[in-house]
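Below is one structure, written out as structure tokens; the observations come after it.
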Amino acid sequence: MPAGVAIVTGAGSGIGRAVALTLLRAGWRVALAGRRADALDETIRLAGEHAGRALAVPADVTRADSVRALFDATVARFGRVDLLFNNAGANAPGIPLEDLSVDEWRKVIDVNLTGAFFCVQQAFRVMKDQSPRGGRIINNGSISAHAPRPNSAPYTASKHAILGLTKAASLDGRKYDIAVGQIDIGNALTPMAARMTQGVPQADGRLAPEPVIDVQIVADAVLHMASLPPEANVFSMTVMATKMPFVGRG
């Protein structure tokens, strides 16, 4: 698919920032969403000569009205939405499951699952009625959509649920020419994942460092998924550090 109009949530840092910048450099027009306006503005500054094709939209994905306003602002500026990279995410402290507070559980589920659903719902609303009809949604899953880390119940549960959301939306999107896929990422080097290089808990109770990959590798993979023609879809892609503990984890 030629470069079009994209919405990237969580675009103020990490994977979201890398994907937003990569799409802009590839000719896309991009609405950058996130809770912190200053972080979104920094992403746009980093886009340099491509900044004119970027739009910062402060948004809270846990609020349905805020997500609708994000999509409305994107359509008002760019006329349509061809791609949603559903990336905004949160995690809880790595503490024993029985010690996790209700508020910590709900925060992760509200951002990672409910927020992702709100974004999918608004993407459907816009994509099914635009001309040409349709578009593409790429959900950011995780290695944790398939295998947990210790003390990760809310995050792991939310990412397993994202896999279910991807499957349901892929099926329901067919009649609207909406392709839905998921990218599961393992140990991309972002500020949040920097601790991996120092040592993180393993299933056997050890603390051990893990290999990481450049976040640009992930951004390039998302660009590949986004650039396919409408009749083709990467439904599931795993991009991970080759030697990280995933296959055989635990």
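Residue-wise HN-Hα couplings along segment 134-147, as the Karplus relation 6.51 cos²θ - 1.76 cosθ + 1.60 with θ = phi - 60° gives them from phi, are x, x, 9, 10, 10, 8, 8, x, 4, 3, 6, 6, 10, 8 Hz; Gly and Pro carry x.
With both labels modelled 7 Å from their Cα along Cα-to-Cβ, the ASP214 to HIS160 distance reads 3.6 nm.
The HN-Hα couplings worked out from phi for segment 21-28 by the Karplus form 6.51 cos²θ - 1.76 cosθ + 1.60 (θ = phi - 60°) are 5, 5, 5, 4, 5, 8, x, 6 Hz, whole numbers, x standing for Gly and Pro.
Here the calculated FRET efficiency for ALA37 and ARG206, from their Cβ-Cβ distance with R0 = 45 Å, stands at 0.65, rounded to the nearest 0.05. In sequence order, segment 58-64 has phi-based couplings of x, 8, 10, 5, 7, 10, 4 Hz under the Karplus curve 6.51 cos²θ - 1.76 cosθ + 1.60, θ = phi - 60°, and Gly or Pro positions carry x. Put simply, the amide H of THR190, placed in the peptide plane, has no neighbours under 5 Å, leaving out anything fewer than 5 places away on its chain.
Against the main long axis of the alpha-carbon atoms of the chain, helix 215-226 sits at an angle near 40°. Of interest is the spacing of the C-alpha centroids, which for segment 181-219 and segment 82-129 amounts to 20 Å. Taken along the Cα-to-beta-carbon direction at a fixed 7 Å, the label points for ARG77 and PHE235 span 3.4 nm. GNM on the chain, alpha-carbon springs under 10 angstrom: the most fluctuating residue among ASN151, ASN86, ASN140 is ASN151.
Pairs of Cα atoms in segment 1-92 fall into 5 Å distance bins, from 0 up to the last occupied one, in shares of 3, 17, 29, 27, 17, 6, 2, 0 percent. Placing a label point 7 Å from the Cα of ARG133 along the Cα-to-Cβ direction, the residues of segment 62-80 whose backbone N falls under 18 Å from that point are 80.
The modelled label-to-label distance between LYS107 and GLN121, using points 7 Å beyond Cα along the C-beta direction, is 2.4 nm.
Among ARG63, ARG29, which comes first, second and so on when ranked by fewest other beta-carbon atoms within 10 Å?
ARG63, ARG29
Applying 1/(1 + (r/R0)^6) with r as the Cβ-Cβ distance of ASP65 and MET244 and R0 = 35 angstrom yields a FRET efficiency of 0.35. Note on the chain: lysine pairs with Cα distance below 20 Å, sequence gap of 8 or more or different chains, count 5.
Each reported figure results from applying straightforward, stated rules to the coordinates on display, with no laboratory input. From a predicted model like this one, the values you see are computed outputs, not experimental measurements. Backbone-built Cβ (ideal geometry, glycine too); neighbour counts: all protein chains shown.
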